[in-house]
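Heads up, the thing below is written out as structure tokens.
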Amino acid sequence: MAGQAVLTVGALSAAALDAASQFHHEWVGQVRQQAEQGADAVAIVMRPAPVDHTDWRRAAARDLARALAPVRVNVLSGSDEAAISATLTYLGNAPGVTGHYLPLHGN
């Protein structure tokens, strides 16, 4: 399965600490599974969240990228489908970009 896998995370808790716990419990295994199945990169798409979610999302992107290297891992969030699509295309063609949290604000 060479190429970029895209995981779209469903709704998470509104509370940052609870959302982080939920993400790690429900989604990290799926990210690892994509890497084990041969993905070159994993893009994790999340819904927008308040600023208090930024730190845990940034840490998740960074730590998953380090743990799964050479597989690239990036996390992006947004609600604008055109911006998400454009960013996924960019990430799929950017072999040096990994470990980033990218909050999107439109196209």
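Which of the helices (runs of 4 or more DSSP H) contained wholly in the chain include at least 3 residues that are among the β-branched types (Val, Ile, Thr)?
81-92
Can you report the number of residues in segment 45-79 which are farther than 18 Å from Leu12 by Cα, open to solvent by 30 Å² or more (accessible area, probe 1.4 Å) and touching a His at 6+ places or on another chain (Cβ under 9 Å)?
Looking only at that region, the number is 1.
If a residue must be within 23 Å of Gly92 (Cα to Cα) and touching a helix residue (DSSP H, G or I) at 6+ places or on another chain (Cβ under 6 Å), how many such residues does segment 8-30 contain?
0
Only one of Ala67, Ala60 is hydrophobic (A, V, I, L, M, F, W, C) and out of contact with any Phe, Trp or Tyr (no Cβ under 7 Å at 6 or more places or on another chain). Can you tell me which?
Sole residue among the options that is hydrophobic (A, V, I, L, M, F, W, C) and out of contact with any Phe, Trp or Tyr (no Cβ under 7 Å at 6 or more places or on another chain): Ala67.
Is it fair to say Gln22 is of a type outside the set (A, V, I, L, M, F, W, C) and surrounded by 20 or more Cβ atoms within 10 Å (Cβ to Cβ)?
Against the criterion (of a type outside the set (A, V, I, L, M, F, W, C) and surrounded by 20 or more Cβ atoms within 10 Å (Cβ to Cβ)), Gln22 does not qualify.
Name the pairs: first residue in segment 3-21 and more than 14 Å from Val45 (Cα to Cα), second residue open to solvent by 40 Å² or more (accessible area, probe 1.4 Å) and in a helix (DSSP H, G or I), Cβ to Cβ under 6 Å, at least 6 apart or on different chains?
The qualifying pairs are Ser13/Gln22; Ala16/Asp52.
In the list Ala2, Ala16, Ala11, which residue meets the criterion of being out of contact with any Asp or Glu (no Cβ under 7 Å at 6 or more places or on another chain) and small (Gly, Ala, Ser)?
Of Ala2, Ala16, Ala11, the one residue that is out of contact with any Asp or Glu (no Cβ under 7 Å at 6 or more places or on another chain) and small (Gly, Ala, Ser) is Ala11.
The values are calculated or read from the model by the stated rules, or taken from the named source; none is laboratory data. Model, not experiment: these values are computed from the prediction. All Cβ positions, glycine included, derive from the backbone under ideal geometry; neighbour counts span all protein chains shown. Please note that ligands, DNA and RNA were not included when accessible areas were found on the heavy atoms of the full protein model with its side chains. Shrake-Rupley method; radii C 1.70, N 1.55, O 1.52, S 1.80 Å.
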